[in-house]
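The values are calculated or read from the model by the stated rules, or taken from the named source; none is laboratory data. Since the structure is predicted, the reported quantities are computational estimates derived from the model, not experimental observations. Counting neighbours? That spans all protein chains shown, and the Cβs are built from the backbone with ideal geometry, glycine included.
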Amino acid sequence: MRQSRIGAAIASAALVASVGGAAVTAEAASTSSAAAGPVAVSISSTRMITMPATVQPGVNEFVVTSAKPSGFQVMTLAEGYTKEEAEADVKKGLDGGKMSALRRFEANSTFIGGVASLPDKPTRFWVDLAPGDYVALDTRAKTDVDKWISFTAVGEETGAAVPAAATIKAVRATKWSNKPKSISNKGILTFKNRASENHFVILAKMRKGATLKQVKMFLQTEEGRPPVDFRHTVDSAVIDPGQTVSFEYKLPRGNYAMLCFWPDASMGGMPHAFMGMVRTIKLK
Ligand SMILES: [Cu+2]
């Protein structure tokens, strides 16, 4: 069975950010309290996260600024499941390919949303937060449990709404909805997980003339020139079934492959794209 040896090309920013390096970072939250307006998150060159210790429940706009390419991920941990346990399971499960650890991590975590950010380029995302406790991390950080950050959604609802956006959906277990066939090349993208597994989305620009068949073939063989150009990608945070995240993006126009590389514990850690979670979408 193919493991997640996707080759150098695909093991690029996107994959490393969202899967391979799902270890974490963050230090104690700063002390500012909830206030109207966007939630400012900054990630330092040592991947320390600074953000408010409390936010309001409801739809929140986050603005993430990072010194390095980062993957800001918000999640909740089940009662009694500690950051230390999560950290250990990430290491054994996502990095080490031990399926029992991956299963335990998935069973005890709810992925809420987040965004990939580039240096000094503030990037916005929106999530609807129920009141309660959250953890956040930079998925690009090296494993260090002390770097997980905690925050709480408490108080009055924001009353805010997610801006109108093109919407893409994961459906069934590991499929993309067939629609829409095309979206704008920039703006806000809403990613809804209406499937039964955890997912994230990567849009990767296809080379001129490349076909979906070639993309699928490349995933299987990892041979030859990649039919996608991983210099032009955007990737979302991981979200659980039932969750929705909206995030800013801007890419060159063209045809893109839409993929998810989250590892499937029931398939020995095979990334979903290898199981057919790949389609094309036009950015115009
Ligand atoms: Cu997936």
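When each of 107, 101 is tested for being surrounded by fewer than 19 Cβ atoms within 10 Å (Cβ to Cβ), in the same structural domain as residue 147 (by TED's automatic domain parsing), modelled with pLDDT of 95 or more and over 25 Å from residue 189 (Cβ atoms), the lone residue that passes is 107.
I'd like to know if the range 199-210 contains one or more residues that are surrounded by fewer than 17 Cβ atoms within 10 Å (Cβ to Cβ), within 14 Å of residue 273 (Cα to Cα) and touching a residue at least 24 places away in the same chain (Cβ under 8 Å). Within the range 199-210, not a single residue is surrounded by fewer than 17 Cβ atoms within 10 Å (Cβ to Cβ), within 14 Å of residue 273 (Cα to Cα) and touching a residue at least 24 places away in the same chain (Cβ under 8 Å). Which one is nearest to residue 200 (Cα to Cα), of the residues in the range 105-142 that are in a strand (DSSP E or B) and aromatic (Phe, Trp, Tyr)? Across the range 105-142, the extreme among qualifying residues is 111. Based on what the data block shows, is residue 230 within 16 Å of the ligand (Cβ to nearest atom) and surrounded by 15 or more Cβ atoms within 10 Å (Cβ to Cβ)? Answer is no for this residue. Selection over the range 27-42 of residues that are within 16 Å of residue 141 (Cβ to Cβ) and at pLDDT 95 or above gives a count of 2. Restricting to the range 64-88, name every residue that is within 19 Å of the chain's Cα centre (by Cα), crowded, with 16+ Cβ neighbours inside 10 Å and farther than 13 Å from residue 135 by Cβ. Residues satisfying the conditions are 64, 65, 66, 68, 69, 70, 71. So which residues in the range 89-104 are farther than 28 Å from residue 248 by Cα and part of a helix (DSSP H, G or I), if there are any at all? Residues satisfying the conditions are 89, 91, 92, 93, 95, 99, 100, 101, 102, 103, 104.
The number of residues in the range 69-83 being in contact with a Phe, Trp or Tyr (Cβ under 6 Å, 6 or more places away or on another chain) and not in a helix (DSSP H, G or I) comes to 3.
Considering only the range 143-166, state which residues are buried (at least 16 other Cβ atoms within 10 Å of the Cβ) and assigned to a strand (DSSP E or B). Listed by number, the residues that qualify are 149, 151, 152, 153, 166.
Here residue 219 passes the criteria (1) assigned to a helix (DSSP H, G or I); (2) surrounded by fewer than 18 Cβ atoms within 10 Å (Cβ to Cβ); (3) at pLDDT below 95 except the one numbered (2).
Among the residues of the range 172-216, those that are assigned to a loop (DSSP other than H, G, I, E, B), within 16 Å of the ligand (Cβ to nearest atom) and touching an Asp or Glu at 6+ places or on another chain (Cβ under 9 Å) comprise 173, 174, 197, 198, 200, 201.
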